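Before any comments, here is the structure.
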Amino acid sequence: MPQYTEFEISQAIDAVSNGKSQREAAREYGIPLATLHHRLQGRQPRAAAFEDFQRLSASQEAKLASWVQVQADLGLAPTHQQLRDFAHRILIAMGDTQPLGKRWVNAFIRRNPSIKGLVQISRHPPDCNH
């Protein structure tokens, strides 16, 4: 995972626009020189570049992440399976009946870090043997 943010990339681009060399700006903001160079050439961030390949739109994912947050606030954090089922229902409503990939939930959580730790892997009844 990169140790820099989009804000830092933006600052480095501004620094280059104001006369600083790419090498100096990359070093100052902790960004790989190649990344800064590619951004100056117009390349998109990975997340934006691959957005068209995602099954749900960015707004649908934002609404789904919001639903997870509301459920967690109510003490009913969804399981991975419930999250997958809910997302699949959204796709079916759009006419897409293909199943989601087996890593979709993990990728969704990675794209929406605000819900990390809120989604349960599974629900097990309390252990009454202790």
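The values are calculated or read from the model by the stated rules, or taken from the named source; none is laboratory data. Fair warning: this is a prediction, and the values are worked out from it, not measured in the lab. Counting neighbours? That spans all protein chains shown, and the Cβs are built from the backbone with ideal geometry, glycine included.
Pairs meeting the criteria (first residue in the stretch 96-121 and part of a loop (DSSP other than H, G, I, E, B), second residue among the polar types (S, T, N, Q), beta carbons under 9 Å, at least 6 apart or on different chains) are LEU118/GLN69; LEU118/GLN71; VAL119/THR79; VAL119/GLN82; ILE121/THR79. Scanning the stretch 6-17 for residues that are exposed (fewer than 13 other Cβ atoms within 10 Å of the Cβ) and farther than 24 Å from ALA107 by Cα yields SER10, ASP14, SER17. Condition check for LYS20 on (1) surrounded by 14 or more Cβ atoms within 10 Å (Cβ to Cβ); (2) outside any helix (DSSP H, G or I); (3) in contact (Cβ under 8 Å) with a residue 12 or more places away in the chain: one failure, at (3). Scoring GLN3 on the criteria (1) in contact (Cβ under 8 Å) with a residue 60 or more places away in the chain; (2) loosely packed, with under 11 Cβ neighbours inside 10 Å leaves a single failure, condition (1). May I ask you to verify whether ASP52 is assigned to a helix (DSSP H, G or I), of a type in the set (D, E, K, R), at pLDDT below 95 and exposed (fewer than 15 other Cβ atoms within 10 Å of the Cβ)? It is true that ASP52 is assigned to a helix (DSSP H, G or I), of a type in the set (D, E, K, R), at pLDDT below 95 and exposed (fewer than 15 other Cβ atoms within 10 Å of the Cβ).
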